[in-house]
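Here the structure is laid out as structure tokens; the discussion comes afterwards.
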Amino acid sequence: MLRSEHQFEYDSDMAPATPQEVIDLLENVHDVCGRLEPGNVPLHAVPQVFDALASAERLVAGAVLRMAGRYEEAGEWKHNGAKSAEDDIARKTGTPTGAARKKLSTSRRLKNQQRTDEAIRNGDLSAEQANEVSSGADASPEDEDDLLDTARRHRLPELRKRAADARAKADRDREARRRRQQAMRSVRRWTDEDGMGNLCLRLPPEDMAEVDAALKPRIDRAFADA
């Protein structure tokens, strides 16, 4: 009989996993995933098999997230040509540098967020959910349980909104909010698979308003020409 994912939970009384156990796990995962033939899975078993794989994905992604801070401490990235720990993590995980930076920030915070850490250990959160819960709880620790509940009950957009509300609530005044937003500014440029140039800006509202004002005439002209 197939077992439900709910039968598996992290047991804090067990001894910590050894490095060799983690390395051996890769061999088992590689073997099972390599031999998986979706077309051979009976239709009645598909939901449970899919749920098991989705749970495994969250568990492994959570373990990578929790290890990111320790990987930074190891300092190997300094010797393999990477500009920074997040640059190296981005390369190894095949994700944008911005996503790796979030992963690293969350990993550092988890030492002081035991309930969020436990939820990640149990595979209750995706990496994206963990980032939102952790950042919101960092700004407003009393909201950690509410954010975890939101992550379990709602989709990611709602969690992002509530995490943003928690961060905003923690700002004591408008100047503190402005400084926090200034610290989160970012710009990313890349060329996608279609050869199209892309630009992603993350700015405080007043700065974005200036960008919008500068771009609007060009956007209107482009639409008129089209």
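The values are calculated or read from the model by the stated rules, or taken from the named source; none is laboratory data. Since the model is a prediction, treat every value here as computed from it, not as a measurement. When we count neighbours, we look across all protein chains shown, and the Cβ atoms used for this are built from the backbone with ideal geometry, even at glycine. Only protein heavy atoms, including side chains, enter the accessible area calculation; ligands, DNA and RNA are left aside. Shrake-Rupley method; radii C 1.70, N 1.55, O 1.52, S 1.80 Å.
With respect to (1) within 24 Å of Ala100 (Cβ to Cβ); (2) open to solvent by 90 Å² or more (accessible area, probe 1.4 Å); (3) of a type outside the set (Phe, Trp, Tyr), the lone exception for Leu156 is condition (2). Close Cβ contacts (under 9 Å, 6 or more residues apart or on different chains) running from residues in the range 197-209 that are over 14 Å from Ser186 (Cβ atoms) and part of a strand (DSSP E or B) to residues that are open to solvent by 60 Å² or more (accessible area, probe 1.4 Å) and at pLDDT 80 or above comprise Gly197/Arg189; Gly197/Thr191. In this structure, does Asn131 turn out to be within 19 Å of the chain's Cα centre (by Cα) and surrounded by fewer than 18 Cβ atoms within 10 Å (Cβ to Cβ)? Against the criterion (within 19 Å of the chain's Cα centre (by Cα) and surrounded by fewer than 18 Cβ atoms within 10 Å (Cβ to Cβ)), Asn131 does not qualify.
Listed here are the residues, each with its yes/no results for (1) within 13 Å of the chain's Cα centre (by Cα); (2) over 23 Å from Arg188 (Cβ atoms); (3) not β-branched (Val, Ile, Thr); (4) not in a loop (DSSP other than H, G, I, E, B).
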| residue | (1), (2), (3), (4) |
| --- | --- |
| Leu65 | yes, no, yes, yes |
| Ala68 | yes, no, yes, yes |
| Lys78 | no, yes, yes, yes |
| Gly81 | no, no, yes, no |
| Arg91 | no, no, yes, yes |
| Thr95 | yes, no, no, no |
| Ala99 | yes, no, yes, yes |
| Lys103 | yes, no, yes, yes |
| Thr106 | yes, no, no, yes |
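Taking the range 71-88 as the range and being open to solvent by 80 Å² or more (accessible area, probe 1.4 Å) and touching a residue at least 12 places away in the same chain (Cβ under 8 Å) as the test, only Glu76 passes. Here Gly136 clears all of (1) at pLDDT 95 or above; (2) surrounded by 20 or more Cβ atoms within 10 Å (Cβ to Cβ) except the condition numbered (1).
Mind listing whichever residues of the range 207-226 are surrounded by 10 or more Cβ atoms within 10 Å (Cβ to Cβ) and among the basic types (Lys, Arg)? Once the filter is applied, which keeps residues that are surrounded by 10 or more Cβ atoms within 10 Å (Cβ to Cβ) and among the basic types (Lys, Arg), the range 207-226 yields Lys216, Arg221. In summary, Arg91 fulfils each of the numbered conditions (1) open to solvent by 60 Å² or more (accessible area, probe 1.4 Å); (2) closer than 26 Å to Cys200 by Cβ; (3) touching a Gly at 6+ places or on another chain (Cβ under 6 Å) with the single exception of condition (3).
In summary, Glu118 fulfils each of the numbered conditions (1) open to solvent by less than 40 Å² (accessible area, probe 1.4 Å); (2) not in a loop (DSSP other than H, G, I, E, B) with the single exception of condition (1).
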